[in-house]
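A short write-up of the structure that comes next.
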Amino acid sequence: MFSRCLLLLLGVASACALTAAEVPWGGDPIAPITAPFPMPQLTRPVFPSRVVSIADHGAVAGGTVKNTAAFARAIAACADAGGGRVLVPAGRWLTGPVHLRSQIELHLAEGAEIVFSDRFEDYLPVVLVRVGGIELYNYSPFIYARDCTDVAITGPGKLNGNSKAWWDWKTKETKEIFQLAPKNVPVAKRIFGTPEAAIRPNFVVFFNCRNVLMEGFTIGGGPNWTLHPVYCENIIIRRVHVLTDGPNNDGIDPDSCRNLLIEHCVFDTGDDCVVLKSGYNEDGWRVARPTENVVMRWCSSRRGHGGLVVGSEMSGDVRNVYVHDCDFEGTDRAVRIKSRRGRGGVVENVWAENLRTKDLKYEVIIMNMDYSADRNTTVNEKPPIFRHFHFKNITGHGSPAAIRLQGLDDAPIDDLTFENMTIASTTGVITQYVTHLSFKNVQVTPVKGAVFALTDARDITIQGSRAPAGTDVFLTLAGPDSRGIRIEQSDLSGAKKPFALEKGAPSDAVTVR
């Protein structure tokens, strides 16, 4: 400490080491990761005990002096000395973009708040990013790291995006970016970063990084997606509070990433809470990097379009996803898988269990291959593929619908299991174009309509369910291609009719045992 203070008195840049005892914040141990697929035991990246304060490099608290250069000096000094912690002390610190480097932990002390400038030109020059699943050069994210190893943002302070000035761009954003890949425009020539193009930057982007940690801080008020790791491997996001408003303010958007743990996070978001991506149409096929090996556990949400979401930009595939022991209250849905014709890509091997839901705005679970809210400029009609999903131990009440599954006629949703579920909802299970589904001990109590309403469904087993008292019909079946529907070991006494055939369903399509 004496040598550090002497250097400060002499005006020497303080890239100097403190002892480990002087680094006060560490975080609690990470529990072992279990998953139904091979998954590494992720650990936090290890940083040298060196601490460099932004205040020692000219940063001024108060929220009026812009500290972009001071942040850059502190990060450079720490990185050049071998890495460590760049400390943001208590106080309100105004800045433009913060660019991290390898072996750097940006640490927000208790009472620290970084407030980002709302001047668009502060986020130039442009940097390489992925916007809506398309690679291009745009305004810098507010915090950006590219090609880094061992890099982190840690709490317990706050990141304040201060981004209302950007939000009007939502309706002005150029549609040109969706023609870049079909027209074979090289990435090096996809240069934007102008008010005329109106492409909002994302808040935090780690681009092609390895060993990434985000832990303990609160973040909100960004211009677009909030936490956006792209092409990253070995990522831990834990104990982060994502509190956002504004258009497209997703919480966490892992994008063509591998080996990811999300735990103990709280979401109150203006869009999806956690949403897995892997590229948009032709650009996603060109890059061809899936998002895979994702574990989400012990998280909760108070608001958002979906708790765990996949898509709709998933052309590079999403696989090996396990979400468990989470609470979703007041979100639109708990689990939401969305895509559309022309997207291509495969979503497979997804497990969700031990979920508790309450007062959702729409479905507890929805899988939709006809996501009409998305733009689609491709001439390719390649359908996506959804297969191998497993849902277990899920409860819910206060939802307009229990489960909705919408496949395509030439690409039905395939191989799903639902087990030990109890859901009270306005309507029950509604499906179209599905095959190889198993419902075991699934108890749905709809206010109106059938418990199960299946259309164009094949090879479906319903076992151990119960018809609520007063139900008109337990199951309705429609579509001439429906067949192989089996109701086994179920109590249908509460229904006036066990099943009804509609819209050309074959007379021998349903068996009751």
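Could you please give the count of residues in segment 60-94 that are in a strand (DSSP E or B) and within 20 Å of ARG119 (Cβ to Cβ)? Residues flagged as in a strand (DSSP E or B) and within 20 Å of ARG119 (Cβ to Cβ) within segment 60-94 amount to 4. Just one of the listed residues (ASP56, ASP80) is surrounded by 18 or more Cβ atoms within 10 Å (Cβ to Cβ) and of a type in the set (Asp, Glu), namely ASP56.
Of the candidates ASP147, ASP122, the single residue that is surrounded by fewer than 20 Cβ atoms within 10 Å (Cβ to Cβ), among the charged types (D, E, K, R) and more than 20 Å from THR68 (Cβ to Cβ) is ASP147.
Among the residues of segment 444-459, is any of a type in the set (S, T, N, Q) and in contact with a Pro (Cβ under 7 Å, 6 or more places away or on another chain)?
Yes.
Is there a residue being of a type outside the set (Lys, Arg), buried (at least 22 other Cβ atoms within 10 Å of the Cβ), at pLDDT 95 or above and closer than 12 Å to PRO141 by Cβ anywhere in segment 233-249? Checking segment 233-249: not a single residue is of a type outside the set (Lys, Arg), buried (at least 22 other Cβ atoms within 10 Å of the Cβ), at pLDDT 95 or above and closer than 12 Å to PRO141 by Cβ.
So which residues in segment 216-230 are within 16 Å of the chain's Cα centre (by Cα) and part of a strand (DSSP E or B)? Of everything in segment 216-230, those that are within 16 Å of the chain's Cα centre (by Cα) and part of a strand (DSSP E or B) turn out to be ILE219, GLY220, LEU227, HIS228, PRO229, VAL230. Within segment 141-172, restricting attention to residues that are part of a loop (DSSP other than H, G, I, E, B) and more than 18 Å from ASN249 (Cβ to Cβ), the residue that is modelled with the lowest pLDDT is GLY155. Would you confirm whether any residue within segment 126-140 is over 26 Å from ASP272 (Cα atoms) and surrounded by fewer than 20 Cβ atoms within 10 Å (Cβ to Cβ)? Looking for residues that are over 26 Å from ASP272 (Cα atoms) and surrounded by fewer than 20 Cβ atoms within 10 Å (Cβ to Cβ), one finds at least one in segment 126-140, hence yes. Here is the figure for segment 185-215: residues that are in a strand (DSSP E or B) and surrounded by fewer than 18 Cβ atoms within 10 Å (Cβ to Cβ) total 1.
Here is a yes/no grid of residues against (1) within 27 Å of LEU42 (Cβ to Cβ); (2) in contact with a Ser or Thr (Cβ under 6 Å, 6 or more places away or on another chain):
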{"position": "SER140", "(1), (2)": "no, no"}
{"position": "TRP167", "(1), (2)": "no, no"}
{"position": "LYS189", "(1), (2)": "no, no"}
{"position": "PHE203", "(1), (2)": "yes, yes"}
{"position": "LEU227", "(1), (2)": "yes, no"}
{"position": "ILE235", "(1), (2)": "yes, no"}
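What about PRO182, is it loosely packed, with under 15 Cβ neighbours inside 10 Å, in contact (Cβ under 8 Å) with a residue 12 or more places away in the chain, not in a helix (DSSP H, G or I) and not β-branched (Val, Ile, Thr)? Yes; evaluated as a whole, the condition is true for this residue. If you scan segment 463-513, which residues turn out to be of a type in the set (Gly, Ala, Ser), surrounded by 17 or more Cβ atoms within 10 Å (Cβ to Cβ) and not in a strand (DSSP E or B)? Result: SER465, ALA467, GLY479, SER482, SER490, ALA505, ALA509. If the condition is being among the charged types (D, E, K, R), over 29 Å from GLN179 (Cβ atoms) and either under 13 Å from the mean Cα position of the chain (by Cα) or assigned to a loop (DSSP other than H, G, I, E, B) (or both), then segment 250-266 contributes only GLU263. Being under 15 Å from the mean Cα position of the chain (by Cα), part of a strand (DSSP E or B), at pLDDT 95 or above and surrounded by fewer than 24 Cβ atoms within 10 Å (Cβ to Cβ): is that true of ASN393 here? No. Among the criteria (1) among the aromatic types (Phe, Trp, Tyr); (2) at pLDDT 95 or above; (3) in a loop (DSSP other than H, G, I, E, B), the one PHE386 does not fulfil is (3). Scanning for something basic (Lys, Arg), outside any loop (DSSP other than H, G, I, E, B) and in contact (Cβ under 8 Å) with a residue 40 or more places away in the chain, does segment 267-278 turn up at least one residue? Yes; the residues of segment 267-278 include at least one that is basic (Lys, Arg), outside any loop (DSSP other than H, G, I, E, B) and in contact (Cβ under 8 Å) with a residue 40 or more places away in the chain. Taking segment 346-375 as the range and being part of a strand (DSSP E or B), within 15 Å of LEU308 (Cβ to Cβ) and either basic (Lys, Arg) or touching a Ser or Thr at 6+ places or on another chain (Cβ under 6 Å) (or both) as the test, the residues that pass are ARG356, VAL364.
The set of residues in segment 448-462 being among the hydrophobic types (A, V, I, L, M, F, W, C), in a strand (DSSP E or B) and over 14 Å from THR417 (Cα atoms) consists of PHE452, ALA453, LEU454, ALA457. Here GLY316 meets the list (1) assigned to a loop (DSSP other than H, G, I, E, B); (2) modelled with pLDDT under 95; (3) crowded, with 24+ Cβ neighbours inside 10 Å almost entirely, failing just condition (2). Within segment 294-313, which residues are surrounded by 24 or more Cβ atoms within 10 Å (Cβ to Cβ) and not in a loop (DSSP other than H, G, I, E, B)? Matches in segment 294-313: VAL294, MET296, SER301, LEU308, VAL309, VAL310.
The values are calculated or read from the model by the stated rules, or taken from the named source; none is laboratory data. All of these numbers come straight from a predicted model, not from anything done at the bench. So basically every Cβ, Gly included, is an ideal-geometry build from the backbone, and we count neighbours across all protein chains shown.
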